[in-house]
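Remarks on the structure that follows.
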Amino acid sequence: MRMYRFEGKIFNENVPQSVPLELWYSNKRHDNFTLASEQGREDVKADGYRFVRNEGYIDPIPSIT
């Protein structure tokens, strides 16, 4: 098994090249989902989640290869 670890900062304000870290909630599932990508946003909308708030701003997520 391979483990990955990411560490970073969450900014209070939008800084250059940062992306919003969004919190979404599903009443149907009683579940929270935190995302930082357009694909994640599309997925949670399709599953009926509703936007709650921006938690802050983060550096873009690097891709894992």
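Those residues that are among the hydroxyl-bearing types (Ser, Thr, Tyr) and in contact with an Asp or Glu (Cβ under 8 Å, 6 or more places away or on another chain), I need them from region 1-35; list them, please.
Within region 1-35, SER18, TYR25, SER26, THR34 meet the criteria.
Kindly list, by first and then second residue, each pair from a residue in region 13-26 that is more than 13 Å from SER37 (Cα to Cα) to a residue that is loosely packed, with under 15 Cβ neighbours inside 10 Å and small (Gly, Ala, Ser), limited to pairs with Cβ atoms under 8 Å and residues at least 6 apart or on different chains.
Filtered contacts from region 13-26: SER26/GLY48.
Tell me, please, whether a residue that is among the hydroxyl-bearing types (Ser, Thr, Tyr) and in contact with a Ser or Thr (Cβ under 7 Å, 6 or more places away or on another chain) can be found in region 44-51.
For region 44-51, residues among the hydroxyl-bearing types (Ser, Thr, Tyr) and in contact with a Ser or Thr (Cβ under 7 Å, 6 or more places away or on another chain): present.
Kindly evaluate ARG50 against the criterion of being basic (Lys, Arg), on the phi < 0 side of the Ramachandran plot and modelled with pLDDT of 95 or more.
Criteria met by ARG50.
Can you confirm whether region 5-15 contains a residue that is among the β-branched types (Val, Ile, Thr) and either on the phi > 0 side of the Ramachandran plot or modelled with pLDDT of 95 or more (or both)?
The answer is no, given that none of the residues of region 5-15 is among the β-branched types (Val, Ile, Thr) and either on the phi > 0 side of the Ramachandran plot or modelled with pLDDT of 95 or more (or both).
Table: residues versus (1) hydroxyl-bearing (Ser, Thr, Tyr); (2) over 14 Å from the mean Cα position of the chain (by Cα).
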site	(1), (2)
ASN12	no, yes
PRO16	no, yes
SER26	yes, yes
ARG41	no, no
GLY48	no, yes
ASP59	no, no
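The values are calculated or read from the model by the stated rules, or taken from the named source; none is laboratory data. Predicted model, so just to flag it, every value in this text is computed and none were measured. Positions of Cβ are backbone-derived with ideal geometry, glycine not excepted, and every protein chain shown enters the neighbour counts.
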